[in-house]
Structures are given as structure tokens and as C-alpha cells.
Amino acid sequence: MSDRSRRVPFLLVLYEQYLDQQDTEDFTNKARQFYTQGTLERLAENEAREVRRAAVLALGMLGDFGANHVMGRALHDDDRTVRMLADNGIRNVWKRSGSASDQEDLEAIIQLNVAKQFEQAGRRASALVKRAPWLAEAWNQRAIAHFAMGSYMQSIRDCHQTLELNPYHFAAASGMGHAYLQLNNHVSALECFRRALRLNPDLEQARAQVHRLTRIIEGK
């Protein structure tokens, strides 16, 4: 074994190969083979930024909802690349909760929202929420459908519930802010966008809303 192999976590070797080859499947398979989620979570807080990058990337590809707290903290990392990987990866982690059937239903709901089939998305999300009320992302997806159909107070309630179940859900905080904007409630919208920024400091649209709403409110 070389000196480098003894000094450097194997995950970093895998990460360097991934950057060179861009083979996501190979990186994912090898990370799954050699590392548990708990070990990846510990490496995500390693002092070496390259190791944190590798671990956060792997957690985003493999981690279940149990990795949510580590990924949420990574959104505040000193390294911009770690923060970007966490921003992308945590959204996948949010979907990996519940049974296999729950996750299949959730993915179908997400795709319905993407396809702008909001009534169907809302109905399926309501059924999933009734069956598995602990699934934060099911509430969030129903909030998205409610917002798109103009049911802003219902969307706000679902965003609140999302954040009760998942306090790292910056997207729900931001979505709630947009719903309050539609209701012309600038004070509550500002509070929501500030909350979103506290959770994810790199949300530039939320930052712009904070600046705009602060000027509006202070100008009254």
C-alpha cells in the first residue's frame, strides 16, 4: 500500500476518478460497496474540503432521510463546492423516506407537478399524506400543487407542516414566502424568505426578495 493510500480516504480516490471520468454509476456503486451511510456522514464533516466534497456527493446519491441533518449543515460549509453539492443532494435525500411504495408514489407526484398536472398531483399527494403523514416531502409537493392552483392559504399550511417534519426544508420556507406574496402579506413573506436564507445562505432569489421586501416595508 502506498503512503498516499494510507493517508487519504479511499472515498477521495473514488471522487478524483469521478471528476476525471464523470462516471456517476461507478462512483455510486463503489461508494455503496465500501462505505456505510454513517461513515459517509462522518466524512462529510472532515477537516479536508476534498473529503467533504466526496462524502456530500455520495450522500446526495445514496443517503436516505437520515442524512438530512448532515446535508443541512453542509449548506453552511466554508467551501462553495460543498455547499453546491449539498444543495443538489439534499433534495434527493428528502425523497428517500418511507417505504419503497411511498417513494414510488412520491416520485410520481413530483413528476405530475413537473408536468403541471396539478390537480392530479394534489389528489395523489393528499392520499400519500393520509397514508404516511410523516413524509415531509409529500406535504411539500401538495403545497406546490396548491400554490399552482391558487390555493395560497392551503399551500402555506402544507409548507408549515413540511417544516415541522423537516426543519431543513428551505424550499418550503421559500415557497411559503411566495404564497404570502400572492396574498400581499409582505411582512410574513419577508419572515419566510429570511428563514429560507438561514437554512440555505446561497439562495440568491430569496436574498433578492429579502432586500426588496425590506425596502418596501421600511418605506411604508
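Throughout, read-outs are computed from the coordinates displayed, never taken from laboratory work. The structure presented is a predicted model; accordingly, all values stated were derived computationally and were not measured.
Values computed for the structure shown
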| quantity | calculated |
| --- | --- |
| Backbone HN-Hα couplings from phi across the stretch 100-107 [Karplus 6.51/-1.76/1.60, Hz, Gly and Pro as x] | 4, 5, 4, 5, 5, 4, 4, 4 |
| Directionally averaged shadow of the chain, computed from the convex hull of its alpha-carbon atoms, nm² | 13.4 nm² |
| The stretch 116-142 versus the stretch 53-103: alpha-carbon centroid distance in Å | 21 Å |
| Whole-Hz couplings from phi, Karplus 6.51/-1.76/1.60, listed for the stretch 53-64; x for Gly and Pro | 4, 4, 5, 5, 4, 5, 5, x, 8, 10, x, 8 |
| Helical mean residue ellipticity (222 nm; -39500 (n - 2.57) per DSSP H run of 4+; nearest 500) of the chain | -24000 deg cm²/dmol |
| Kirkwood-Stokes translational diffusion coefficient of the stretch 126-220, alpha-carbon pairs, 37 °C, 0.692 mPa s, µm²/s | 247 µm²/s |
| With Cα atoms, 0 to 90° folded angle of helix 136-148 axis to the chain main axis | 40 degrees |
| Phi to ³J(HN,Hα) by Karplus 6.51 cos²θ - 1.76 cosθ + 1.60 over the stretch 20-28, Hz, x for Gly, Pro | 6, 9, 6, 9, 4, 4, 5, 4, 5 |
| Alpha-carbon centroid distance for the pair the stretch 172-220 / the stretch 9-48, whole angstrom | 36 Å |
| Stretchable slack from Glu204 to Arg49, in nm (0.36 nm times residue separation minus alpha-carbon distance) | 53.5 nm |
| The chain: most fluctuating residue of Ala179, Ala115, Ala206 per GNM, C-alpha cutoff 10 Å | Ala115 |
